[in-house]
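Reviewing the structure listed below.
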Amino acid sequence: QVQLVESGGGLVQAGGSLRLSCAASGSIYSIYGMGWYRQAPGKQRELVAGTVSGGRTDYADSVKGRFTISRDNTKNVVYLHMNSLAPEDTAVYYCNAYPPHLEWGQGTQVTVSS
């Protein structure tokens, strides 16, 4: 099974930007959908953004217009570009298939200070 490793998180001030990367240990070409998810302290894991073959993308209402998901099947990487970050975006961010059916990675912490 494909293993996923997330990176690119960190501490950023409100209004700042980050780019998260998700590197897969194998090909993601045949995986129809890939997505980013997040889990804030005390909350359930939620979908942030998903992209499917053919180019359709889906976003949580809270991130529409600020976040952009993309995938590079040649490099087996999925990206999440995050702009205009707000404190409520603070969470551990994970990637997985969309809908999720792969083993979860360790995620990458994003902390947004006000």
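The values are calculated or read from the model by the stated rules, or taken from the named source; none is laboratory data. The structure displayed is predicted, hence computed values, not measured ones. For neighbour counting, all protein chains shown are included, and Cβ atoms are generated from backbone atoms with ideal geometry for every residue, glycine included. Calculation scope for accessible area: heavy atoms of the full protein, side chains included, ligands and nucleic acids excluded. Shrake-Rupley method; radii C 1.70, N 1.55, O 1.52, S 1.80 Å.
Observations
- Rg and Dmax [Cα atoms of the chain; Å; Rg one decimal, Dmax integer]: 13.1, 40
- Computed from the C-beta positions of residue 109 and residue 1, the FRET efficiency with R₀ = 30 Å rounds to 0.80.
- Computed in the context of the full set of protein chains, the accessible area of the chain at 1.4 Å probe radius has 49% of its extent on carbon or sulfur.
- Debye-formula intensities of the stretch 1-63, expressed as log10 I(q)/I(0) at q = 0.19, 0.26 Å⁻¹, are -0.94, -1.35 (one equal scatterer per alpha-carbon, no solvent).
- For the chain, the per residue solvent-accessible surface stands at 52 Å², with DNA, RNA and ligands left out and a 1.4 Å probe.
- Contact order relative to length of the chain, as percent, for alpha carbon pairs under 8 angstrom and 6 or more apart: 38 percent
- Stretch gain in nm, segment residue 77-residue 40, where the contour uses 0.36 nm per residue and the Cα spacing is subtracted: 11.0 nm
- Per-residue HN-Hα couplings for the stretch 41-51 [Karplus 6.51, -1.76, 1.60; θ = phi - 60°; Hz; x = Gly/Pro]: x, x, 10, 6, 5, 9, 6, 9, 7, x, 9
- Whole-Å distance, taken between Cα centres, linking the stretch 1-30 and the stretch 41-112: 8 Å
- Residue 56-residue 19 FRET efficiency (beta carbon distance; Förster radius 22 Å; 0.05 resolution): 0.55
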